[in-house]
Amino acid sequence: FIPAKTKQHFAFSKVENMISSLPKKIAIAYSIQFHNIAIKVKKEFSKSREITSLVQVLGCSSPKFPKETQAILLIGSGKFHAVSLAFESKIPVYILRQNALEKVSDEEVKELERRHKASYLKFLRSKRVGVIVSTKPGQQLLRRALALKEKIKDKKFYFFISNDINVKEFENFGPDSWINTACPRLDMDEP
């Protein structure tokens with residue numbers, strides 16, 4: 001394996017005044033290419049904050065954070081993981097990218113909540129349901145997917161099993177709604 005590292009550099013002096021807005025007990029999350037920066041950030045932030053955890057996030061992971069965590073600092077380049085972490089954890093999330101600090105807004109989280117609720121309501125009205133199942137390690141939830149069919153008797157289920165899931169291909173099939181048992185963030189960018 002060749003380690004993937006970002007070419008960005010972390011300059012604590014550029015964000016030092018911004019961290020005063022962060023709570024005292026924070027978790028640090030990072031995507032793998034920012035691991036080296038995460039270690040430096042932890043070392044610097046430990047001087048003025050209690051670091052409750054240091055965790056790598058993947059597209060499909062749902063990390064758990066200690067109860068005392070007051071905020072999550074995500075070191076990354078986009079909002080994909082940040083909005084998802086805020087939605088799943090119900091903890092404020094800040095993104096540290098390119099020596100700038102940005103908070104995930106309540107509106108961004110509420111928008112994701114609205115989309116999830118709309119999807120659920122659509123599912124309730126559906127008669128035909130497509131169930132997405134991945135064969136990727138960590139996403140292999142075939143048993144759970146099949147259990148849905150046994151649990152919910154008033155719907156017709158169709159199972160779609162694949163290693164690579166292309167959301168654009170869904171148009172080629174006829175379910176009224178979809179259940180995603182693969183990557184939990186698959187539906188973040190698509191309706």
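Brief remarks follow.
- Those residues of the range 75-90 which are farther than 26 Å from Asp164 by Cβ and crowded, with 17+ Cβ neighbours inside 10 Å, in sequence order: Ile75, Ala86, Ser89
- Verdict on Lys117 being open to solvent by 80 Å² or more (accessible area, probe 1.4 Å) and either under 23 Å from Val55 (Cβ atoms) or not hydrophobic (A, V, I, L, M, F, W, C) (or both): yes
- When residues of the range 45-67 are limited to those that are open to solvent by 50 Å² or more (accessible area, probe 1.4 Å) and of a type in the set (D, E, K, R), the one nearest to Ser89 (Cα to Cα): Lys64
- Among the residues of the range 95-111, those identified as open to solvent by 30 Å² or more (accessible area, probe 1.4 Å) and on the phi < 0 side of the Ramachandran plot are Arg97, Ala100, Leu101, Glu102, Lys103, Ser105, Asp106, Glu107, Glu108, Lys110, Glu111.
- Set Leu112, Leu85, Leu58: member being assigned to a loop (DSSP other than H, G, I, E, B), touching a residue at least 24 places away in the same chain (Cβ under 8 Å) and under 25 Å from Trp178 (Cβ atoms): Leu58
- Flag for Pro175 being modelled with pLDDT of 90 or more, surrounded by 14 or more Cβ atoms within 10 Å (Cβ to Cβ) and within 30 Å of Ser20 (Cα to Cα): no
- Residues in the range 1-41 that are hydrophobic (A, V, I, L, M, F, W, C), at pLDDT below 85 and in a loop (DSSP other than H, G, I, E, B) were compared, and the one that is most open to solvent (accessible area, probe 1.4 Å) is Phe1.
- In the range 129-163, the residue that is modelled with the highest pLDDT out of those that are over 21 Å from Asp176 (Cβ atoms) and open to solvent by less than 50 Å² (accessible area, probe 1.4 Å) is Ser134.
The values are calculated or read from the model by the stated rules, or taken from the named source; none is laboratory data. Here the structure is a predicted model, which is why all the values come from computation and not from measurement. Every residue, glycine among them, receives a Cβ derived from its backbone with ideal geometry; neighbour counts consider all protein chains shown. Accessible surface is based on the protein model in full, side chains and every heavy atom, while ligands, DNA and RNA are left aside. Shrake-Rupley method; radii C 1.70, N 1.55, O 1.52, S 1.80 Å.
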